[in-house]
Each structure stands twice: as structure tokens, then as C-alpha cells.
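Enquirer: Dropping a structure here in C-alpha cells format, bear with me for questions.
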Amino acid sequence: MKLSCNAEEILEALWIAVEEKRLPALDPQYAGIPLDDPAYRELAERALIEIRQGMIYFRPEGREEGRMTIRRHRLAERLMMDVLNIRGDDGNHQACQFEHLLNEGVDVKVCTMLNHPTTCPHGNPIPPGECCHKARADGDLGVVPLTEFKSGQEGEIAYIQTDDNKKMQKLMAMGVLPGNRIILTQAYPSYVFRVGYSEFAIDTNLAKEIFVRK
Amino acid sequence: MAVDGINQDSLSHDGKPLRVALVGNPNVGKSVLFNALTGSYVTVSNYPGTSVEVSRGSTVIDGQTWQVIDTPGMYAIHTITEEERVAREILLHEKPDVVLHVLDARNLERMLAMTVQLIEANLPVILVVNIMDEAERMGLKIDLELLQQRLGIPVIGAASTRKRGLDEIRVAISSYGTQPRIERSFPYGRLLEYDISEVIWLMTGEYLLSRRSLAVLLLQGDEEITEMVRHKEGDGYAVLAEKVREKAFERRDSFHLDLSLQRNSIVKNIIQGVFSEPDKRVITISDRLSTWSVRPLTGIPMMLVVLYFGLYKFVGEFGAGTVVDLLDKRIFVDIVNPWMITTVKEIIPWEIIQELFVGEYGIITLAFRYAVGIILPIVATFFIFFSFLEDTGYFPRLALLVDRLFKHFGLTGRAVIPMVLGFGCDTMATLVTRTLETVRERVIATLLLALAIPCSAQLGVIISLLSKETGALAVWGVCMLLIFVLVGVLATKIMPGEAPVFYMELPPMRLPQLSNVFTKTYTRMQWYFIEILPLFILASVLLWLGKVTGFIGTAINSMTPVMSSLGLPKEAAVAFIFGFFRRDYGAAGLYDLQAQGMLNARQLTVAAVTLTLFIPCIAQFLVMKKERGWKVAGGIGLFVSLLAFSSGYVLNQFLLLTGIL
């Protein structure tokens, strides 16, 4: 069963206190949730935390759960900022709500879409998940702009990110459509790529708007 | 095969000749097909990025005269660039009886998207799958029969450079319309279909294109189509516009992408089983050559070799040296002029009229001699060089190589074509600046062409003049380069506007067909000659008038202070007065001065620099006015003249001070 929102908040606060601030335990008053909140009982019953003399400690299973919770929170922050372009307090607030939805594989999708980010917008580390390890092991760059490709590298076009409709149409007229194979044959002085049996040259401005998957 | 004039029975029922329009992506061989169909070597003009004109020719198939219309390349019915717009005009307003969609067999999948659009627009389309020979060499297989079935239109495989498929195309054109046309459309997704039908439902006007395709174009926000529909719909337009706005807003994020993806999947279904490719890509020699030409390490030396042998050796030394010597000295000065002078003097008794034809500024002794003896060989060799290079597919590669550099001047690599063409004829190049995308690029390119790019005739004369004095050519070259860079960088800083974007298709490198190169050269020469000869004659007449009335003497005298501030003898003013008519005319004037030994090395260099920078010839000025408007053209003219003389002054002082020359 899913944890309640408050329970997730407590886990996050505890994880930050223990893992990042190197404190032995979390004082509930810093979690912003009073000790009589049912969320503490919920966590204790699931054997994720332990409460001794008014202080919160991780149980071994709780540490892993906390890690995944903080990961979801920070991924949500990244999503808010990078993709949805919501910043500041509002972004943080939205992220708090959003993270609770990132369960059951959704976090993997988001993480992959964001190309396995390592830090949240505030610079705090995002604990890597299975998908990140796997991507690293496979040497999978994930989705990157064409400018990150080396010459000779081949990939699939993932998406085009541009505000300019005309640019988008130019690219599409060249056959730069999501799903098509693309081979970068040269990266300097201009980007030269092949789609199908045609070759095209574009400048950096256009190249950085084409996102490709290896 | 080409016929002039149209006889009565070859007309269709409404009194106009039948028309067939060639459309398609750039570089798919439309022009070659046009030539092959019309058999005319008169109106070839479609080269990637060098022409925005439409050319027309005619042919007779089965006793019926057809007008064949060649259009600039376009990528889709929804147009982005000026050339595409020109091409679409034909489809929108000329109601062609047959539309030949020419595409490149190797890129069937990508280019079929446009075939689908043309069919959707309810145009009478015949599909020509061209360049089959190269596709076969690469191991690609295309089932044309199946493709024809799926599309519901005639499909013909061709290799127009080898005249393959030509007869089938002729048959298809002439028998088109005899078979009933099958109304066929390729449905998009349900939601998109719904949106389109809602827009169609509000349209009441009569159009040449199908309402369905117009509805899609409206949703794409095509300005020209919107304007046309507004005009046709009248009062009902407001409701329609509201609906389009509403739909466009709903789909604001991804309409273009959705549409392209859906078209792509339509095409994927069509070519399923039609198109098959080998497992391994075949790498040809042309692929290798292409790679070498774009890698900076090999590409830059290659560029220098091309420029040295092409421009310097072939155009400069051979064209402006050997051929000019032969034509001007051996033929005109030694044979034609003396003979003409005696003949004219025998026929016409009045000395003043004799002067007009065979005098100092005579139409025959000066205008014709300059045009034919000096300018023609230079321009001809340049156009041979340019057309050859163009057909190899080298220019787009040069463009990508210099793009980064050109960005500093507010231009993209695309501008390399007008710039190189400018070394042939600045007037023609100014016309071609139309292919640049933003107004800002066009203005900057126009300015640089007017200022620092000498045309071939001028260049030829200047090279042959200055190469006689050691160092003079180098000083001139450095000056030009410096001013080009300086003005380019400044113009970029001063002129408002967004940074330009560079994109270009690279056609495969090919060994040009000589017949094609000469056809293009011939066409360009013809254009050039029609443009210059009247101006030369006009100049002769005006100069003659000036001499007769004593105006020239006054003008030369009044320019003496300017000339002396440049350290030049007052006779040099003549070259500048000539130069106003045509740059090359002015350069040729310098040639005469030098031949009379009136200029030393320093004076020659100063005069050459000033004259190269000086106001463009009348023809170029008129084209500037036509393309950019009075204000811009006038501004550029004024700026260029001021800069020319001040640069001449500074250079003269510099040379006097340092004593380099």
C-alpha cells in the first residue's frame, strides 16, 4: 500500500537529516509535522522507522524507502523546472504534490526522459535509481541534443524542441521526424547529418534543438 | 521538338495551351527533365539556390502543344522561403492541366509526403520517380507498379539525365485526363479529420485547390492562403477565421509536428513493400569526395585549389588574359575597328555622326569592343567555371564550410552562392539574394555585393592590370578583404534583427554533364548580354553627347579636385564616369589609361581600389532598387560612394607614407 503524503514528507526530512547532514536522528520539530501525527505510527508499523525518546531513527528498510522518496521529490523538482518551466516557491510546492504520483515505474520514465539527472535544481544530489545504473553500464547517453553526438554516431530522433514554428517545419521538411534514424557524419564547422539517403548541413542553433536517442 | 508560336488546333477548349508544371524538392532533376521535354536550350534556370525564376518552354506531344513550366524547388505545399512561394504561385493561380511531381528515388519516403499533399489538393498529379539509375546502383528496389496502385495516380520511373523514362512521361502527360480520375484522399487521425472537416464546413468559395488542403494550410497559419481565402469568402470569412483560430489554439503546441508525423505514417503505409534497401550501405566515390570536401582539414585546401585554378588561372589568366588579348587586340583593334572606321566614314559624311559610331566613345569602337572584346570572354569563362562547380554539387559543401565565418557578417553559409556569383555578375547576384531567408541577410548581402565584391569583368581587368606591378594585386586584395570584413561586422552590429539560421541539403557530388554546363553558361551569357549591351550603347551615346556638348570636359575638370586628392591624374575621372554605367566599363577605362602609360603603380592601385568599391553599375543599382526599395538602395549607393573615395584617400596617404608601392 502507498504511504500517506505526510509519511513521505517525514521520510524525506529524515533522509536529509541522516544522509546529508550526518545527524544520528531527526528531531520531529524540524520535520514540520508534530509527533502525534498518525503518519509516524504508519511508518513505525511498516518497520521503516523507529521512535526513541522523541527522536526518529531509520530502520534498514526505511533507509531505502527514504532514498527513493527523496529521489522522487527531486526528480519532480527537475521536471517542474526543466520541462514545465515552473520556478520558485510555486515550483517547489507543485513538486511536493507531484512527487507522490511518481510511483510504480513512473519515476523511471521521468528519470529517463530527463536523461538521468544527478542533482535537483537546488544542487542537492538525486540518489540514482536502477535505471541510472543501467544507463551508465550500457553507456546509454539517453536523450541528448544532436550537438552532444560525436561524428559517426548513429541514433534515433526523439523529439524537436523549439519555440519557432518555421524552424520546426524546416527540420521536418528535411525528414527530421521523431522515430527516424539519424547519423551525424560531421560536427565541425557545421553539423552534417544523414537521414535516409539525404545529407544535410545545419548550424549549432538548429542542431541543439534536435534531441536524439542513441 | 520545341516550337515557337502556337497553332490553333493545339489549344485546349478555353483557348489556352495545355500546361504541365514540374514541381518537387530542390535537386531532383526537374530542370534536366524540363530540358529533355522541351528540347529547348533556352530557359534553363533551376539550380539549387541560384535561381528563383520560373522558366517556361513548350513541347508537342501527339500533335498537341504543351507549355512546360519549371518551378523552383519546394519542400511542401506549405511554403517557407521565397522560392517555394514562387513555385506554389503556379499551382495556386495557373491551373496547370498536369502536375509532374518529380522526386528522388533514393528519398522516396521523405519526398512522398509532398505527393500525398498534391493528391490531397486535388491536383492532376503524375509522379516521376527520378534518379532511378543512382538508386539502383545503391541497391535500392522500388516497386513502381504497387506504388501506382496505392497512390491512384500514374507513377513513372526515370533517370532524366540518361533520358530514361522520357517516352513514358510523354505518354502519361498526353493521356492524362482521358482516364477518369479517381478521387482519393489519405485520411489522417480521427481528431485531425474532425478539425479539418469543421473548417471545410465553413468554406463556401470556389478554389483551384481542394478545400481539404486549404483547410490544412489555414490551420498551419499560412499567410498567403489566409489572405486568399479571406478575399474569396467575403462576409463569411469572420466565422471561418474564428474557427481556424480556435482550432489552431487548441493544437498550438504540436500541430505541425502532428501533421508531419501523420503524413509520415501515411507514407510509411504506402511504401510498405514498395521500397526495399540493401542491408549494407554502398559507399561510392562521390561519397568519399563529399566527405573530403567538408572536413576542414581537406576541405579548405580543396577550396583554395578550386579558387586558384578556377578563378585565378581559368577566369583571370585564360579568360581575361589570353582570350581578351586575342579578341580585343588581334581582332577588334587590328581588324574590326579600322575596317569599321573606314566604312562608316565612307557612308556618313558628317563628322559628328561619325564620332557617334567610331569616335573615341563610339558605339562600335567603344561599346561593342568593350562588350565583345573585353567583357564577353571574361564573363563567359566565369560562367563556365561557376556552372561547372554548381553541377558538381560543391556549393552547398562550401556553404557549410564557411557558415561559421559568415555568421560574423550576419549572414549564413547560404550566402556563399550569391557571393561567389557576385564575382561573376553583381547584378545577377543581387537578384539571387532573394534566396536568403531574412530581410536582414538580404540587405547585408546586397550591401557587401555593391561594395566589396568585384564582378568577373572588373576582376579580370583588375587582375591583369595589377599583376603587372609587383605587390599591387596584394595591396588591392588586402584592402578588399579588410573592407569586406569591417563593413560586414559593423553592419551586423548595427542592423537590427534575429540571428539567421543555416540549413542546407547536400546533393550528391556528381561529375557534371558538359552539355548541361554549357546550356547554363549559354543562358546566363544571354541574360547578361541582353542586360549589358543596351547599357553600353546608352553609355556610348551619353558620352558622345557629353563630348559634343563639352560636358565631359567640364565633368572631368570638376572631378579634378577629387582625383588629385586621391593622387590621380585628372584623366582618371573618365574611368569613374564610365564606372557609373558599368563597373566593368570603368575597369576597362582604367585599362586604356594604363595602356597609355598614364598611371604609376601607386596610382593604379588606388584607382583600382576606389573603382572596385565605387557605386555599383546602373543595372545593379536598378536591381537593388527593385529588390530592396528606394530607401535601402539609395542609402547603400550613398554609403558605398562615400566609403569608396574615403578609402581611396586613406590608401593613397598610406602608400605615400610607407612607400610600399
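The values are calculated or read from the model by the stated rules, or taken from the named source; none is laboratory data. Bear in mind that the values here come from a model prediction, so they are computed numbers and not experimental data. Virtual Cβ from ideal backbone geometry, glycine too; neighbours counted across all protein chains shown.
Enquirer: Among B:246, B:193, B:227, B:168, which is the only one that is of a type in the set (Asp, Glu), in contact with a Pro (Cβ under 8 Å, 6 or more places away or on another chain) and part of a helix (DSSP H, G or I)? Spell out how you get there, then give the answer.
Expert: Numbers: B:246 fails: in contact with a Pro (Cβ under 8 Å, 6 or more places away or on another chain); B:227 fails: in contact with a Pro (Cβ under 8 Å, 6 or more places away or on another chain); B:168 fails: in contact with a Pro (Cβ under 8 Å, 6 or more places away or on another chain).
Among B:246, B:193, B:227, B:168, only B:193 is of a type in the set (Asp, Glu), in contact with a Pro (Cβ under 8 Å, 6 or more places away or on another chain) and part of a helix (DSSP H, G or I).
Enquirer: Also: Of the residues that make up the range B:380-387, is at least one hydroxyl-bearing (Ser, Thr, Tyr), modelled with pLDDT of 90 or more and in a helix (DSSP H, G or I)?
Expert: yes
Enquirer: Exactly one of these conditions fails for residue A:207: (1) more than 11 Å from chain B (Cβ to nearest Cβ); (2) in contact (Cβ under 8 Å) with a residue 60 or more places away in the chain. Give me its number.
Expert: (1)
Enquirer: Of all residues in the range B:289-302, which are under 17 Å from residue B:389 (Cα atoms) and either within 12 Å of another protein chain (Cβ to nearest Cβ) or without any contact (Cβ under 8 Å) to a residue 12 or more places away in the chain (or both)? Steps first, answer last, please.
Expert: In the first step, residues of the range B:289-302 are kept if they are under 17 Å from residue B:389 (Cα atoms); the result is B:289-294, B:299-302.
Listed by number, the residues that qualify are B:290, B:291, B:292, B:293, B:294, B:299, B:300, B:301, B:302.
Enquirer: If we keep just the residues of the range B:21-31 that are buried (at least 24 other Cβ atoms within 10 Å of the Cβ) and touching a helix residue (DSSP H, G or I) at 6+ places or on another chain (Cβ under 7 Å), which is farthest from residue B:97 (Cα to Cα)?
Expert: Once the filter is applied, the top-ranked residue is B:24.
Enquirer: Another question about this same structure. Report the residue count in the range B:62-116 for those that are surrounded by fewer than 20 Cβ atoms within 10 Å (Cβ to Cβ), within 14 Å of another protein chain (Cβ to nearest Cβ) and within 18 Å of residue B:169 (Cβ to Cβ).
Expert: Looking only at that region, the number is 0.
Enquirer: Using the structure shown, decide if residue A:41 is assigned to a helix (DSSP H, G or I) and basic (Lys, Arg). Talk me through it step by step, then tell me what you get.
Expert: Values: assigned to a helix (DSSP H, G or I): yes; basic (Lys, Arg): yes.
For residue A:41, the condition - assigned to a helix (DSSP H, G or I) and basic (Lys, Arg) - is met.
Enquirer: Also, I was wondering about something else. Only one of A:92, A:103 is under 15 Å from residue A:7 (Cα atoms), modelled with pLDDT under 75 and surrounded by fewer than 18 Cβ atoms within 10 Å (Cβ to Cβ); which?
Expert: Working: A:92 fails: under 15 Å from residue A:7 (Cα atoms).
Unique residue meeting the criteria: A:103.
Enquirer: Considering (1) within 22 Å of residue B:394 (Cα to Cα); (2) buried (at least 19 other Cβ atoms within 10 Å of the Cβ); (3) modelled with pLDDT of 90 or more, say which one residue A:210 fails and leave the rest.
Expert: Of everything listed in (1) within 22 Å of residue B:394 (Cα to Cα); (2) buried (at least 19 other Cβ atoms within 10 Å of the Cβ); (3) modelled with pLDDT of 90 or more, residue A:210 misses just condition (1).
Enquirer: Out of curiosity, is residue B:206 of a type outside the set (Val, Ile, Thr), out of contact with any Cys (no Cβ under 9 Å at 6 or more places or on another chain) and not in a helix (DSSP H, G or I)? Don't jump to the end; show me each part of the working.
Expert: Numbers: of a type outside the set (Val, Ile, Thr): yes; out of contact with any Cys (no Cβ under 9 Å at 6 or more places or on another chain): yes; not in a helix (DSSP H, G or I): yes.
Answer is yes for this residue.
Enquirer: While we're here: Among the helices (runs of 4 or more DSSP H) contained in the range B:249-319, which hold 3 or more residues that are surrounded by fewer than 20 Cβ atoms within 10 Å (Cβ to Cβ) and β-branched (Val, Ile, Thr)? Steps first, answer last, please.
Expert: Numbers: elements: B:255-271, B:285-294, B:296-307.
Correct list: B:296-307.
Enquirer: Among the numbered criteria (1) away from chain B (no Cβ under 14 Å); (2) assigned to a strand (DSSP E or B), which single criterion is violated by residue A:134?
Expert: Only one criterion is unmet by residue A:134, namely (2).
Table: residues versus (1) part of a strand (DSSP E or B); (2) surrounded by 14 or more Cβ atoms within 10 Å (Cβ to Cβ); (3) within 26 Å of the chain's Cα centre (by Cα).
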position: A:14; (1), (2), (3): no, yes, yes
position: A:17; (1), (2), (3): no, yes, yes
position: A:22; (1), (2), (3): no, no, yes
position: A:34; (1), (2), (3): no, no, no
position: A:61; (1), (2), (3): no, no, yes
position: A:74; (1), (2), (3): no, yes, yes
position: A:96; (1), (2), (3): no, yes, yes
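Enquirer: In the set A:184, A:177, which member is out of contact with any strand residue (DSSP E or B) (no Cβ under 6 Å at 6 or more places or on another chain), surrounded by 17 or more Cβ atoms within 10 Å (Cβ to Cβ) and either part of a strand (DSSP E or B) or not β-branched (Val, Ile, Thr) (or both)? Even if it seems obvious, please write down each step before you answer.
Expert: Working: A:184 fails: out of contact with any strand residue (DSSP E or B) (no Cβ under 6 Å at 6 or more places or on another chain).
Of the residues listed, the single one that is out of contact with any strand residue (DSSP E or B) (no Cβ under 6 Å at 6 or more places or on another chain), surrounded by 17 or more Cβ atoms within 10 Å (Cβ to Cβ) and either part of a strand (DSSP E or B) or not β-branched (Val, Ile, Thr) (or both) is A:177.
Enquirer: Filter the range A:145-164 for residues that are closer than 19 Å to residue A:201 by Cβ and part of a strand (DSSP E or B) and give the result.
Expert: A:145, A:154, A:155, A:157, A:160
Enquirer: Show the residue pairs meeting these rules: Cβ distance below 7 Å; 6+ apart or different chains; first residue within the range B:491-515 and within 14 Å of chain A (Cβ to nearest Cβ) and within 22 Å of residue A:207 (Cβ to Cβ); second residue in a strand (DSSP E or B) and among the charged types (D, E, K, R).
Expert: What qualifies is B:506/A:199.
Enquirer: Could you identify the single residue in A:196, A:152 that is facing chain B (nearest Cβ under 8 Å), within 28 Å of residue B:296 (Cβ to Cβ) and either surrounded by fewer than 20 Cβ atoms within 10 Å (Cβ to Cβ) or not β-branched (Val, Ile, Thr) (or both)? Reasoning before the result, please.
Expert: Values: A:152 fails: facing chain B (nearest Cβ under 8 Å).
Answer to the selection: A:196.
Enquirer: Could you give every pair whose Cβ atoms fall below 8 Å, whose first residue belongs to the range B:29-48 and is at positive phi, and whose second residue is in a helix (DSSP H, G or I) and modelled with pLDDT of 50 or more, counting only separations of at least 6 or pairs across chains?
Expert: B:29/B:160; B:29/B:161
Enquirer: Tally up the residues in the range A:155-170 that are hydrophobic (A, V, I, L, M, F, W, C) and more than 8 Å from every other protein chain (Cβ to nearest Cβ), please.
Expert: So in the range A:155-170, the residues hydrophobic (A, V, I, L, M, F, W, C) come out as A:157-158, A:160, A:168.
Still in the running and more than 8 Å from every other protein chain (Cβ to nearest Cβ): A:157-158.
Count: 2.
Enquirer: Does residue B:196 qualify as being at pLDDT 90 or above, among the hydrophobic types (A, V, I, L, M, F, W, C) and not assigned by TED's automatic domain parsing to the domain that holds residue B:243?
Expert: Numbers: at pLDDT 90 or above: yes; among the hydrophobic types (A, V, I, L, M, F, W, C): yes; not assigned by TED's automatic domain parsing to the domain that holds residue B:243: no.
Considered against the rule, which asks whether it is at pLDDT 90 or above, among the hydrophobic types (A, V, I, L, M, F, W, C) and not assigned by TED's automatic domain parsing to the domain that holds residue B:243, residue B:196 comes out as no.
Enquirer: With the structure loaded, tell me whether residue B:339 is among the aromatic types (Phe, Trp, Tyr), part of a helix (DSSP H, G or I) and surrounded by 14 or more Cβ atoms within 10 Å (Cβ to Cβ) or whether it fails that test.
Expert: On the way: among the aromatic types (Phe, Trp, Tyr): yes; part of a helix (DSSP H, G or I): yes; surrounded by 14 or more Cβ atoms within 10 Å (Cβ to Cβ): no.
For residue B:339, the condition - among the aromatic types (Phe, Trp, Tyr), part of a helix (DSSP H, G or I) and surrounded by 14 or more Cβ atoms within 10 Å (Cβ to Cβ) - is not met.
Enquirer: Further question on the same structure: Go through (1) surrounded by fewer than 20 Cβ atoms within 10 Å (Cβ to Cβ); (2) in a helix (DSSP H, G or I); (3) more than 34 Å from the chain's Cα centre (by Cα) and name the single condition residue B:187 misses.
Expert: For residue B:187, the failing item is (2).
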